[in-house]
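Each remark here refers to the structure printed beneath this line.
The values are calculated or read from the model by the stated rules, or taken from the named source; none is laboratory data. Since this is a predicted model, take the numbers as computed values, not measurements. All Cβ positions, even for glycine, are placed from backbone atoms using ideal geometry, and neighbour counts span all protein chains on display.
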Amino acid sequence: MHIKFSSGPKLGDHRSPLLLSPGGKYSDLDLYCHGCTFPVHRLMVCCASDVIASALDGHFIETKRNVLDINGFTPKAVFLMVKWIYYGEYATGLEEWSDNYEDQVPYRDPEFEALSAEHNFKGEYQNLGAHLEVSRIADYYNIIGLQQDARKSIESILSSPCETALFASLLARLDRLVTEKLVYDMFVKYTGKFLREIVATPEFQLVNFSCDFLKDVMNEYLKIDTNKKDAKQETRGNPSSRHGSSTSEYNTTTDSD
């Protein structure tokens, strides 16, 4: 299946000085992923990713047939990556993929699909899997700007209220859903912040966590707990909170003299 793209969000936001479009005229490279072909321009993808540039400059079979296999990810992730390379954002691509290809492309992220089957995702959590996929593919191909955008989206979702049972199930697949250290740290911080609630869920009891993850979470929890205690101590020992009573005592003593 050849994947087509709509035009960018705004012409002024176009990243290509030649106004090239993915799948458009003069495309000279195909990205292939699980039965889907994405016609692109070497100029665009190689400028965005030094990893792709190195692969195409090497002596790989892809160089000879102008096809780069990206089967380690989902077609949706490749679509969103290409969208970002050409237009500098991929948020509009989420809706575009959903409208045009969601039902036509059978391949999904097996880990997140299993998670979706267990829980009824609502709101922004419906897009969490896509953002995690984008984070992984951006990390793999070293596309820094795309990593940052995906990270911001993930952080925004994790800052919103979440059912602890859902989050515990998500943690069970963390090592397969997350590859970037900064995204991993977000999950550690969220887990440390709501550790009491998450630990109380049956889902959490069934997870075989790595020792490193548990150590990181406990360190985060202890740090949060220490900060809370320090804040209380500071409030109790703040001279300004007792300033009024000290002044009154001083005035009383002065008057009696």
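Numerical summary
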item	result
Check on T226, of a type in the set (S, T, Y), within 14 Å of L171 (Cβ to Cβ) and part of a helix (DSSP H, G or I)	no
Criterion (surrounded by 14 or more Cβ atoms within 10 Å (Cβ to Cβ) and basic (K, R)) met by exactly one of K215, K193, K181	K193
Of all residues making up region 166-209, the number that are closer than 23 Å to A150 by Cβ and not in a helix (DSSP H, G or I)	5
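Quick grid of which residues meet (1) at pLDDT 90 or above; (2) in contact with a Lys or Arg (Cβ under 6 Å, 6 or more places away or on another chain):
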site: E62; (1), (2): no, no
site: V67; (1), (2): no, no
site: G72; (1), (2): no, no
site: V78; (1), (2): yes, no
site: M81; (1), (2): yes, no
site: I85; (1), (2): yes, no
site: Y90; (1), (2): no, yes
site: G93; (1), (2): no, yes
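Per-residue answers, yes or no, for (1) over 12 Å from the mean Cα position of the chain (by Cα); (2) more than 15 Å from V217 (Cβ to Cβ); (3) outside the structural domain of F79 (by the TED database); (4) modelled with pLDDT of 90 or more:
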residue	(1), (2), (3), (4)
I144	yes, yes, yes, yes
E155	no, yes, yes, no
A168	yes, no, yes, no
V178	no, no, yes, no
L182	no, yes, yes, no
